[in-house]
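The values are calculated or read from the model by the stated rules, or taken from the named source; none is laboratory data. Please read these numbers as outputs of a predicted model, since none were measured by experiment. Glycine also receives a Cβ, built like all others from the backbone with ideal geometry; neighbour counts cover every protein chain displayed. What goes into the accessible areas is simple: the full protein's heavy atoms, side chains included, and nothing from ligands, DNA or RNA. Shrake-Rupley method; radii C 1.70, N 1.55, O 1.52, S 1.80 Å.
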Amino acid sequence: MPSLELSGKRVLILGGSGELGGRIAHELSRRGTSVLLAGRDGERLKWRSDQLVPASSYAAFDLLVDDPSSIIYEAIQQLGGLDGIVNAAGVVA
């Protein structure tokens with residue numbers, strides 16, 4: 001199976017402050033993908049973002065409160081476009 005080329009791609013990761021989202025961000029970043037981490041915990045998002053090379057962007061966002069389209073527009077603005085979205089967000093009711 002051929003390798004998926006991710007270098008230069010731009011990806012939004014919902015749930016980016018969590019363990020799963022953070023690991024996905026790490027792997028994508030390692031492969032040259034620009035990522036925007038989105039999640040509820042701004043401090044944790046910043047910490048995760050600082051761990052990535054190259055550095056990533058982040059935005060505090062709550063899927064239960066905020067308009068979902070706003071994070072899409074934010075990603076397009078910060079990344080200069082958008083090639084994919086990863087949903088690693090868990091919602092606890």
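Per-residue ellipticity at 222 nm, computed for the chain from helices alone with -39500 (n - 2.57) per DSSP H run of at least four residues, works out to -11000 deg cm²/dmol. Put simply, when 16-24, 40-48 are sorted by average Cβ atoms within 10 angstrom per residue, most first, you get 16-24, 40-48.
Relative protection proxy for 9-15, 29-35, from highest mean packing down: 9-15, 29-35 (other beta-carbon atoms within 10 angstrom).
Could you tell me which of rounded, prolate or oblate describes the stretch 43-93, using a ≥ b ≥ c as the square roots of the eigenvalues of the alpha-carbon gyration tensor, with rounded for a/c under 1.5 and, failing that, prolate when a/b is larger than b/c and oblate otherwise? Because a/c hits 1.5 or more and a/b fails to exceed b/c, the stretch 43-93 counts as oblate. Sorting the Cα pairs of the chain by distance into bins of 5 Å, from 0 upward, gives 3, 16, 28, 26, 16, 7, 3, 1, 0 percent per bin.
Label sites at Leu64 and Trp47, each approximated as a point 7 angstrom past Cα along Cα to Cβ, lie 2.1 nm apart. Here the Karplus curve 6.51 cos²θ - 1.76 cosθ + 1.60, taken at θ = phi - 60°, turns the phi angles of the stretch 19-28 into couplings of 5, 5, x, x, 5, 5, 4, 4, 5, 5 Hz, with x standing for Gly and Pro.
Near Tyr58, the amide H atoms lying under 5 Å from its own belong to Leu37; only residues 5 or more places off or on other chains count, and H is placed 1.01 Å from N. Solvent exposure of the chain amounts to 62 Å² per residue of accessible area, where only protein heavy atoms count and the probe is 1.4 Å.
Taking the Cα centre of the stretch 15-93 as origin and assigning +1 to Lys and Arg Cβ atoms and -1 to Asp and Glu Cβ atoms, the resulting dipole is close to 300 debye.
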